[in-house]
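The values are calculated or read from the model by the stated rules, or taken from the named source; none is laboratory data. Since this is a predicted model, take the numbers as computed values, not measurements. Cβ placement follows ideal geometry from the backbone for every residue including glycine, while neighbour counts extend to all protein chains displayed.
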Amino acid sequence: MGLRNRLIKWARIKSPWIIHFDCSSCNGCDIEIVAALTPRYDVERFGILLRGSPRHADILVVSGSVSHQVAPRLRRIYEQMPEPKFVMAVGACACGAGVFRDCYNVLEGVDKVIPVDVYVPGCPPKPEAIIQGVVELIEKLKAA
Amino acid sequence: MAGLVGSAYTVAVYGLALIVVVGILSLFFEWFDRKAFARLQNRYGPLHTGPSGLLQPLADFIKLLSKEDITPEAADKLLFALSPVVICTIPLLTLFFIPVFSKEAIVFFEGDLIFALFLATLLYLFVFIAAWSSTNPFSIVGGVRAALQLMSYEIPLALALIVPAMFAKSLSITTIAKWFETSFQPYALVPLALAFFIAVVCAQAELERVPFDIPEAESEIVAGWQTEFSGRKLALLRLASDIELVLMAALIATLFFGGAAGPWLPPFAWFLIKTTIVVFVFANIRALFARFRIDQLLRGAWGILLPLSMLNVFVAYVLMQMM
Ligand code: SF4
């Protein structure tokens, strides 16, 4: 691997910017994601920043069950992100519809719409688990 | 021009050195700002990228450079590509008028303060063009807000920066910096302190930082006028805002504390110390306040800061006549 690629890989690992997309969560997962961004956990230590625009972000953090109505919008947000991009499904709903499984209006997880890199199970997952999810993603990046 | 340091060759060498130093300094100040901000919120801030997270801004920059660069279908392609470059270049150019390495700026002439302020105004025009060319509703709302805010705060800022110029009887940034060392009078302290306060508030607004981050209010309009920019263009825009931070800090440090002037230490060391202190003041303001509403912002500019700065200029004038 050339110096240039090593540098780019280092930069990517050190600066994962996230954007949070709430499909139709019960708000439990959202609050846990917000909790993970508070000073108590201080994810800025690892260079993680929350961005408002999908054009600025590297990691799409999706929470909540994907209903038929929100699915095209989720795909649109995903397509608006610049490459390389990654997706993290947070919560049982995002991983596979959770308690809403078999509902008439709900898809079985985010991965039915867009490719998912990391699944964080839990209903809702703890902030530690969400941070662990980002760590898993970074490990994946390192191995690549 | 009156103040070229020797031949064109030396200017070129100094200019290159300045560009490199400003590049490093802007990344350093971003780190310093983020770190101070984090410490004031009782957290650590960037920690694991290089020693104490010192390389965090560099990592962000390289990552953005290596990302995909999306140009929206509907955007005005030429302006969309050009505006980040211009927005990055203008503050860099303005820094040529500020003494950094020695007690004289690389380029200086009588009236360069006015020229620097003019360049700053030009910058906001390009911010608006950048927003307009991306043809995104969020960008345009952000651009309009940015134009509104920057124009309102331009005037009190100019009036505040005129005060040291009045005392030094010169419109050249270099001469004003020298005045602090040679013929500073204590009676100038009161108007200067007030002007410093006004300038810091206005600088915060010009830099679009909390509590004046209305043009990029992420909870309302995604990322404001920067919404559509990604990859290399976003990297340039972030660098530009860091360079603007250096510029504002340097301008305030030079016009109110003499910048590179000072005893014992070399001029560059004084420049670094003073600008770092100003950035620390900026970080404090960012941590202390929450975002204003638009009406509060405008009332603050036209109702409070503008009369205050006019009064200040008047007081300074009366003081000058009396002493
Ligand atoms: S996983 Fe549980 S907490 Fe999270 S959105 Fe679904 S139901 Fe709510």
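Any residue at all in the range A:22-35 that is modelled with pLDDT under 90, under 22 Å from B:Lys63 (Cβ atoms), out of contact with any strand residue (DSSP E or B) (no Cβ under 7 Å at 6 or more places or on another chain) and assigned to a loop (DSSP other than H, G, I, E, B)? No, that holds for no residue. Of the residues screened, B:Ser133 is one that is modelled with pLDDT of 85 or more, out of contact with any strand residue (DSSP E or B) (no Cβ under 9 Å at 6 or more places or on another chain), over 30 Å from B:Gly303 (Cβ atoms) and hydroxyl-bearing (Ser, Thr, Tyr).
Restricting attention to the range B:6-53, the residues being of a type in the set (A, V, I, L, M), surrounded by 16 or more Cβ atoms within 10 Å (Cβ to Cβ) and touching a residue at least 24 places away in the same chain (Cβ under 8 Å) number 7.
Only one of B:Phe280, B:Phe229, B:Phe314 is free of Cβ contacts under 8 Å to residues at least 12 places away in the same chain and either over 28 Å from A:Phe21 (Cβ atoms) or in a loop (DSSP other than H, G, I, E, B) (or both). Can you tell me which? One residue alone meets the criteria, B:Phe314.
Within the range A:101-126, can you find the residues that are assigned to a helix (DSSP H, G or I) and either away from the ligand (no atom under 14 Å from the Cβ) or within 14 Å of chain B (Cβ to nearest Cβ) (or both)?
The initial filter retains those residues of the range A:101-126 that are assigned to a helix (DSSP H, G or I), namely A:110-112.
Residues satisfying the conditions are A:Asp111, A:Lys112.
Of all the criteria given as (1) touching an Asp or Glu at 6+ places or on another chain (Cβ under 9 Å); (2) of a type in the set (Lys, Arg); (3) under 17 Å from A:Ser24 (Cβ atoms); (4) in contact (Cβ under 8 Å) with a residue 40 or more places away in the chain, the one not satisfied by A:Arg101 is (4).
Looking across A:Gly98, A:Gly47, A:Gly28, one residue alone is within 14 Å of chain B (Cβ to nearest Cβ) and either within 16 Å of the ligand (Cβ to nearest atom) or of a type in the set (Gly, Ala, Ser) (or both). It is A:Gly47.
B:Gln56 meets each of the listed conditions (1) more than 15 Å from A:Trp10 (Cα to Cα); (2) within 11 Å of chain A (Cβ to nearest Cβ) apart from (1).
Selection of the range A:82-95 for residues being of a type outside the set (A, V, I, L, M) and either within 14 Å of chain B (Cβ to nearest Cβ) or more than 13 Å from the ligand (Cβ to nearest atom) (or both) yields A:Pro82, A:Glu83, A:Pro84, A:Lys85, A:Phe86. Just one of the listed residues (A:Glu79, A:Glu139) is within 22 Å of B:Leu64 (Cβ to Cβ), away from the ligand (no atom under 12 Å from the Cβ) and without any contact (Cβ under 8 Å) to a residue 12 or more places away in the chain, namely A:Glu79.
Within the range B:59-83, which residues are of a type outside the set (Val, Ile, Thr) and more than 10 Å from chain A (Cβ to nearest Cβ)?
Keep residues of the range B:59-83 that are of a type outside the set (Val, Ile, Thr), which gives B:59-61, B:63-69, B:72-83.
Passing the criteria: B:Glu73, B:Ala74, B:Ala75, B:Asp76, B:Lys77, B:Leu78, B:Leu79, B:Phe80, B:Ala81, B:Leu82, B:Ser83.
Scanning the range A:31-40 for residues that are surrounded by fewer than 18 Cβ atoms within 10 Å (Cβ to Cβ) and either of a type in the set (Val, Ile, Thr) or within 17 Å of the chain's Cα centre (by Cα) (or both) yields A:Ile31, A:Val34, A:Ala35, A:Thr38.
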